[in-house]
Amino acid sequence: MQRTIKYGVHRQGHLVEQGKLTALGDGLTPLSLARQRMLETGQLSPAQFVGRRVAIGCVALEITQRCNLDCTACYLSEHSQSVKDLPLEEIFRRIDMIRDCYGSDVDIQVTGGDPTLRKVEELVAIVARIRRLGMRPALFTNGIRASRELLARLVDAGLIDVAFHVDMTQRRRGYSSEIELNELRRAYIERARGLPLAVYFNTTIFDGNIDQIPAVVAFFARHSDIVRLASFQPQADTGRGVADARSATLTTAAVIRRIEAGLGTQVTFDTAHVGHERCNRYGMTLVTNGRAYDALDNKALYNALLTRTARQRFDRQRPHRAIAAFLRCLARNPDIVIRAAGWFGRKLWRMKRDLIAARGRVYKLSFVIHNFMDACHLDPERIRACVFMAATADGPVSMCLHNAHRDASILRPVRLRKADGDWFWNPLSGRLTRGEPPVTLSKSG
Ligand code: SF4
């Protein structure tokens, strides 16, 4: 039986949002649950993506705790390197659990540690399972073992995105600055070129590299034919990393300034809302002839488009279908078309010289600033509004919370339900025992 709950959101005395949450049977739908979380934490607005279009931002599926680098800002724990890789059946159970929690319109980050340290056949099976359930698998890797051959195999299995983590916190031999690391980024881009993959780059920001971020951003703009998204994460005091606590000057505003300096233009980072405003900022640009133009500078138009297209699913793998679906939405909303045409016409006029030079080629390049919390300063409101979850044995948990208590999760014996009864997998020995769970070292951060 379906029931509805009406709600209204007021800001400074004005009604900015009203609608209804849909409950099916005994429980709310994933989307309406997400909407409710945004409502309860004061994050529901006409610009909020989560709860309106998707039930969650993304879910991290850690398929190994091992890594072949030792970053100064690493979120893993001191014990991670000793933990064996989770049995494949447990990984599969967690994938199913993600689908049960959020439906199939979900991005899953296949990550670790570095996921490429897992046996190739297992990695392929994991990606294939995610895709078979209708979700979108992304490989999150430092790239060391992500060869062209591996990427091609994973694409065949259903991989949609690859995110390369490259920055100076990794202390890679032979690189003394972010600018030098652009050569490595270029090599990774070439590995992915021609494959049907969206390429992302992750960059941890700390005092030692923040002033080099404009050069990195300019590099991404020059390679926007391949790079779709650049994510910047100010370092957080969590995990085994040895970096000092974040300085007071390492703020979201400071990162935005560096991005804008690299692009040579203003970028609007408060039009699209994804989860809590103190966690995530999103900006989108259109790049032509190497020059970036702000794509989200019309908030009213964005809000209207989001509202009218909220329930439409766009297939990122098939751009033509996505565009056709978008056009069908517009056809049902002629008033939006008129507003959008005016904005678009002015934008094209400003871009005209670069468009001509680039023979009409335009690329979308997005920027995310993800502001992880320090383990000892977790804000309960942000945890409640979290849109970046980690898949644990008990279900999805806020990534910040997971990082702060990682040992409690990764050192715990894992129950495997088999046809002949319950078995327990020991994360330190990798051995299976029947009946009672084995005792392992457990420590919460
Ligand atoms: S992981 Fe942390 S910073 Fe990211 S959305 Fe969740 S609570 Fe916010």
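The values are calculated or read from the model by the stated rules, or taken from the named source; none is laboratory data. Remember, it's a predicted structure, so these values are computed and weren't measured experimentally. As a convention, Cβ positions derive from the backbone with ideal geometry for all residues, glycine included, and neighbour counts pool all protein chains shown.
What the table below lists for this structure:
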item: Whichever residue in region 48-66 is away from the ligand (no atom under 16 Å from the Cβ) and surrounded by fewer than 22 Cβ atoms within 10 Å (Cβ to Cβ) and, among such residues, is nearest to the chain's Cα centre (by Cα); result: ARG53
item: Any hit, region 321-331, residues being assigned to a loop (DSSP other than H, G, I, E, B) and among the aliphatic types (A, V, I, L, M); result: no
item: Total residues in region 157-201, condition in contact with a helix residue (DSSP H, G or I) (Cβ under 8 Å, 6 or more places away or on another chain) and among the acidic types (Asp, Glu); result: 2
item: Residue satisfying condition, being modelled with pLDDT under 95, farther than 30 Å from PRO413 by Cβ and out of contact with any strand residue (DSSP E or B) (no Cβ under 8 Å at 6 or more places or on another chain), within set GLN18, GLN2, GLN12; result: GLN12
item: Residue satisfying all of: in region 413-432; crowded, with 17+ Cβ neighbours inside 10 Å and part of a loop (DSSP other than H, G, I, E, B); nearest to the ligand (Cβ to nearest atom) among these; result: PRO427
item: Selected residue (only one of THR265, THR204, THR238 is in a loop (DSSP other than H, G, I, E, B), in the same structural domain as LEU69 (by TED's automatic domain parsing) and in contact with a helix residue (DSSP H, G or I) (Cβ under 6 Å, 6 or more places away or on another chain)); result: THR238
item: Selection status of GLN233, of a type outside the set (Ser, Thr, Tyr) and in contact with a helix residue (DSSP H, G or I) (Cβ under 7 Å, 6 or more places away or on another chain); result: no
item: Given (1) free of Cβ contacts under 8 Å to residues at least 12 places away in the same chain; (2) assigned to a helix (DSSP H, G or I), number of the condition TRP343 does not satisfy; result: (1)
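Residues checked against (1) at pLDDT 90 or above; (2) surrounded by 13 or more Cβ atoms within 10 Å (Cβ to Cβ):
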position: ASN303; (1), (2): yes, yes
position: PHE314; (1), (2): no, yes
position: ILE323; (1), (2): no, no
position: ALA331; (1), (2): no, no
position: CYS376; (1), (2): yes, no
position: ALA390; (1), (2): yes, yes
